[in-house]
Structure formats: C-alpha cells, structure tokens
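Q: Sharing a structure with you now.
Just so you know, all these numbers are worked out from the coordinates, no wet-lab data involved. Everything numeric in this text was worked out from a predicted model, so none of it was measured. Virtual Cβ from ideal backbone geometry, glycine too; neighbours counted across all protein chains shown.
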Amino acid sequence: MGKGNIGIMENRNIWKKGKIRAIKERYWTEQEIELDAECEYSSLVITEEIEVTDDVDTKLSDINQELNPCIDELYRIQKDIDNLKRKFKTPFEYIEQDKNQIKENDNDIEAFRTDNSGVSLQFARLANERDIQHMVCDTKGNDYELHNIIREVDQMGRERYKAREKKRRGMVGCEVREGMFVRVKAVSDSESTISIAGIDLMKQLSLTRNDLQTCIDTIRTEGGEKLELVGERVLALSGDHMRTLTRVVFVHNVKGFYLSWFIAMEFGIC
C-alpha cells in the first residue's frame, strides 16, 4: 500500500516538472532559462522518502469507504436513466411495434374470416380499421378474390360484373357532403373481404376521378378475371343510430354497392 502511494507522488512530480518547463520555454528568455538552470525545480523536488504509516493507510481506507455510497448512487442514477430511455422508444422502435401489431391483427382477422357468422362486432370493427390502414399506409397491394361476382355479356355485347346471388340486401346512408347523406341500396356477402361499388354510386355521390385515390390492390373474380379499378375512397356510412368510415373501391363495369363482411356486420346486413 505504501509503495503504491510513493509511485503516485513521483508521477505527479514528473507531470508538474513538465508543465513548469513548458511555461518557462514559452515566456522566459534564453538567458533567464540558463541562469535558472542550476536551481531549476528545487522547490518542487522531494528530497526525502515519504513513509506511509498505518494511520495514513487507515485514513485512505476511510475515504474509500465514504466514496462507495457515492458510486452506488451514481450506479442507481444510471439505471434510472436507462429505464427512462426504454420508456421513450425511438421512431424505428415505434415503426417495428406498429408492424408487429398489424401482424397480430391480421392473424386475428384471418382466424375468424373462414366463419364470419361467429365473428363478434369487435373483430368486424378491427377488420374495418385494418382495411383503412392498408389504404393509407401500405405500399404493397393485396390480391382479393370475389367469389360471388361473375362476368356476363348482354345482347349488345357489353360486358359487366354482377352478383351471382344477392344473398342479403339493405339500405345504408352514404355521405355526399358534410352532414348530408344519401340512402343507397347495398348487397353483402359473408365471404367478401373488400367493399366495391360501380360508377353509378360515384354519380349518386357526385364523385369524380379527382376525388379518388389510386388503388394498389388487385381484385379478381372467382374465375380469375381481373377487374378494372377506377380508384378508391374512404366513405362515411350511416345506419340505425350508428356511423362509421370504410374504404370503398370503385370498379368499371360494376353496378351497385357491395359491402365487405365486416361492414355488413356492423350495419346488421348479414
């Protein structure tokens, strides 16, 4: 213990000598430096050996013990800071959290999609929210298949798509402008996972192409025929003492309004 302290003092003396020499070289003339050469650093040189007694050793030990609580406190402060950092996530962590939440929601919806008759209203609302989120946030389109939509050609050779079977019908209100709704007929299908409508509904709501957003999804019939999409828009729908928002994709050669299973459930058209 004593030898170690002596070594520390010697190192400090060497450091002080170096600092003094640098100051002299900077501010003194060569003559002043030469005159001072004989007695240089004499006041700082330790000429006698310092003996570290048990009493000094005890005092150093006491100082060390007094510092230990300070070190422990600093350690606790550091842990508190780390905990605060965990509470406030980085933007990338929030993005990752949203992705994981979306995957969980998709899994929940997929688990109930095969038997929509047993789906609760809560899952229907969750599916609707996810569909709107897909429209607003996603950059990769989905592939939808409409099992109840078929293609037919009339006597004039005109092609159109319609429901094979109009299983369930109802009336819903579609917002034309703020606070003003128009009642329109709607058809629902328990297997449809997307709401679509024809140009006729666009005319009823006084919508133009400029009012729509490009749809990145692909919609096909059960036979694999690809539908030509006009665009998509979030519409405000109203029913018996309720109102909600949902995504509607407008399609060429389709007449009418076809609701997804989750919106049909919310409005009781199922």
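Q: For the stretch 150-204, take the convex hull of the Cα atoms, compute a quarter of its surface area, and give me that in nm², please.
A: Working: hull surface 19.9 nm².
Averaged projected area of the stretch 150-204's Cα convex hull equals 5.0 nm².
Q: Let me ask another. Evaluate 2.2 N^0.38 Å with N set to the residue count of the stretch 128-225, then give the Cα radius of gyration divided by it.
A: Working: Rg = 15.1 Å, N = 98, 2.2 N^0.38 = 12.6 Å.
Cα Rg divided by the expected 2.2 N^0.38 Å: 1.20.
Q: List the residues, sorted by chain then number, that are 5 or more residues from Leu146 or on another chain and whose placed amide H is less than 5 Å from its amide H.
A: When sequence neighbours closer than 5 places are left aside, the close amide H contacts are Arg220, Thr221, Glu222.
Q: Still on this structure, please answer the following. Can you flag which of Lys203/Lys255; Lys226/Lys255; Lys203/Lys226; Lys140/Lys203; Lys140/Lys162 are past 19 Å Cα-Cα?
A: The pairs that break the limit, which is 19 Å between Cα atoms, are Lys203/Lys226; Lys140/Lys203; Lys140/Lys162.
Q: When you count, for each residue, the other Cβ atoms within 10 Å and take the mean per peptide, how do 177-190, 254-267, 124-137 rank with the highest first?
A: Highest to lowest by the protection proxy: 254-267, 124-137, 177-190.
Q: Loop only by DSSP, 16 or fewer other Cβ within 10 Å of the Cβ. Give me the GluC sites (Glu not before Pro) in the stretch 180-249 that pass, ordered by residue number.
A: Sites meeting the loop and neighbour criteria: Glu191, Glu222, Glu225, Glu228.
Q: Can you pull the semi-axes for the stretch 189-263, root of five times each eigenvalue of the Cα gyration tensor, sorted largest first, whole Å?
A: Taking √(5λ) for each eigenvalue gives 20, 16, 11 Å, largest first.
Q: If you average the C-alpha positions of the stretch 126-154 and of the stretch 198-230 separately, how far apart do those two centres end up, in angstrom?
A: So the two Cα centres are separated by 10 Å.
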